[in-house]
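Student: I am attaching a structure below and will ask some questions about it afterwards.
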Amino acid sequence: QQQLELQKQALLRNILTPEARQRLANLKMVRPEFTDQLELQLIQLAQQGKLPVPLTDEQLKEILIQLQAQKRETKIRRI
């Protein structure tokens, strides 16, 4: 388990700029499950050549904004 995590971090070091890695680390403190899935997706996309390497902080922010826009909004109204 620990070895897999170290491999994942090494791949992310190659894929992301230091600023983007810091943003991902900050996000991981708040939403660890979401961030784990996002990291795996970023690695897969980079290996397939569908992601610009290195990914800058601005590009990562754009991806996060797109993912947030896809999330459904739930409104609760009291009657």
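Student: Any idea how far apart Glu5 and Asp36 come out in nm if each label point goes 7 Å out from Cα toward Cβ?
Tutor: Here the modelled spin labels are 1.0 nm apart.
Student: Please work out how much accessible surface Asp57 shows to a 1.4 Å probe, ignoring ligands, DNA and RNA, in Å² rounded to 10.
Tutor: So the heavy atoms of Asp57 present about 30 Å² to solvent.
Student: Averaged per residue, what accessible area in Å² does the chain show with a 1.4 Å probe, protein chains only?
Tutor: On the way: 6600 Å² over 79 residues.
On a per-residue basis, 84 Å².
Student: Using only the Cα atoms of the chain, each taken as one equal point scatterer with no solvent, compute I(q) by the Debye sum, divide by I(0), and report log10 of the ratio at q = 0.16, 0.21 Å⁻¹.
Tutor: -0.62, -1.00
Student: Amide H neighbours of Leu55 under 5 Å, counting only residues 5+ apart in sequence or on other chains, H built in-plane at 1.01 Å?
Tutor: Long-range HN contacts for Leu55: Leu16, Thr17.
Student: Between Gln22 and Leu45, what is the spin-label point distance in nm, taking each point 7 Å from the Cα along the Cα→C-beta axis?
Tutor: Computed distance between label sites Gln22 and Leu45 equals 2.2 nm.
Student: If I fit a long axis through the Cα atoms of helix 18-30 and take the longest principal axis of the Cα atoms of the chain, what angle between them do I get, 0 to 90°, rounded to 10?
Tutor: Around 40 degrees separate the two axes.
Student: How high is the relative contact order of the chain, given as a whole-number percent (alpha carbon pairs under 8 Å, six or more residues apart)? Write out the running numbers ahead of the final one.
Tutor: Details: 39 pairs, mean separation 28.5, N = 79.
Relative CO of the chain lands at 36 percent.
Student: Let me ask another. Quick one: with all protein chains in place, what share of the accessible area of the chain is carbon or sulfur, to the nearest percent (1.4 Å probe)? Before the final figure, lay out the partial values.
Tutor: On the way: 3350 of 6600 Å².
Carbon-and-sulfur percentage of accessible area, whole number: 51.
The values are calculated or read from the model by the stated rules, or taken from the named source; none is laboratory data. Bear in mind the structure is a predicted one, so any value in this text is a computation, not a measurement. A quick note on method: Cβ atoms are made from the backbone with ideal geometry, for glycine too, and the neighbour counts reach across all protein chains shown. Ligands, DNA and RNA are excluded from the accessible area calculation, which covers all protein heavy atoms including side chains. Shrake-Rupley method; radii C 1.70, N 1.55, O 1.52, S 1.80 Å.
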